[in-house]
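Right, one structure below, let's go through it.
The values are calculated or read from the model by the stated rules, or taken from the named source; none is laboratory data. Note that this is a predicted model, so its numbers are computed, not measured. Reconstructed Cβ throughout: ideal geometry from the backbone, glycine too, with neighbour counts over all protein chains shown.
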């Protein structure tokens, strides 16, 4: 990490040393918001932002995201988590309490196409992607110069289906060594094994160059051209063992017509991929996403 970006991160940590985020999902019932509010009030916390959603007030699921300021949060975050456990048990909550000053560590996986990686690096350098990009892993050398030019560790690990398990052992070791919180597949053109996915559940975000569920799998632009589509798109989603069928975080589209050949589709599609992936990563880093079954609630 270069000195300018390091300074930005340290300033962010200082500015947010007393800010926390609480995400909750549970069966909908009376008293949930009251219990959470009273808990925060008991710690002298001030709610800055609150968003909630219920699938059905009678027998549905309830979701809420709260961002708050709490004096001396660093000193009492463990105590708050311990106390909140009692409320969570009472309401059967799935929850997480995250101090904002703990900047998440990100690993980016990439192959030969660098447009998504370059977008994330630009957002990161400008301070709009608040994360510690701890390392970049690639099965090609194409990204080395740009990555190492920013003082980010770059690991070239050749990969194919014949050596996938050995490759993933190396990758998992690196992720553990760098204490990674989120993995971004920025056009990493390799299929991950169930073991790798299980070890990083809800932590792997992929960009698929198609508006899912259309054209799952390889060569979506070529297949879209053959089908004569009038809209193309891109989809950022969490990775599961079902290829390109994990919970969708963000999507976008662009209109095309009969004049657009495959190269034109790819050129327009790359711009969509870049913006869609960047938004999805930002929302994840800001703890704005709750995964419920195979869907996401994005606050």
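The single condition from (1) surrounded by 14 or more Cβ atoms within 10 Å (Cβ to Cβ); (2) in contact with a helix residue (DSSP H, G or I) (Cβ under 9 Å, 6 or more places away or on another chain); (3) more than 22 Å from residue 203 (Cα to Cα) that residue 100 fails is (3).
Going by the structure shown, is residue 145 under 20 Å from the mean Cα position of the chain (by Cα) and either more than 24 Å from residue 246 (Cβ to Cβ) or modelled with pLDDT of 95 or more (or both)? No: the conditions fail for residue 145. Annotation: residue 162 fulfils all but one of (1) at pLDDT below 95; (2) closer than 22 Å to residue 16 by Cα; the unmet one is (2). Among the residues of segment 3-15, none qualifies, meaning not one is modelled with pLDDT of 95 or more, on the phi > 0 side of the Ramachandran plot and surrounded by fewer than 16 Cβ atoms within 10 Å (Cβ to Cβ). Looking across segment 239-255 at every residue that is surrounded by fewer than 22 Cβ atoms within 10 Å (Cβ to Cβ) and at pLDDT 95 or above, the one that is farthest from the chain's Cα centre (by Cα) is identified as 255. So is residue 198 at pLDDT 95 or above, assigned by TED's automatic domain parsing to the domain that holds residue 278 and out of contact with any helix residue (DSSP H, G or I) (no Cβ under 7 Å at 6 or more places or on another chain) or not? Here the answer is yes, as residue 198 does meet what is asked. Filtering segment 103-126 to residues that are more than 16 Å from residue 275 (Cβ to Cβ) and either crowded, with 16+ Cβ neighbours inside 10 Å or under 17 Å from the mean Cα position of the chain (by Cα) (or both) leaves 103, 104, 105, 106, 107, 108, 109, 110, 111. Answer yes or no as to whether residue 179 is closer than 27 Å to residue 100 by Cα, assigned by TED's automatic domain parsing to the domain that holds residue 266 and exposed (fewer than 12 other Cβ atoms within 10 Å of the Cβ). Yes; evaluated as a whole, the condition is true for this residue. Taken over segment 238-259, the residue count meeting the criterion of being closer than 19 Å to residue 110 by Cβ and free of Cβ contacts under 8 Å to residues at least 40 places away in the same chain is 1. Among the residues of segment 149-176, those that are free of Cβ contacts under 8 Å to residues at least 60 places away in the same chain, closer than 30 Å to residue 100 by Cβ and more than 19 Å from the chain's Cα centre (by Cα) comprise 149, 153, 154, 155, 173. Residue 59 meets each of the listed conditions (1) farther than 30 Å from residue 145 by Cα; (2) modelled with pLDDT of 95 or more apart from (2).
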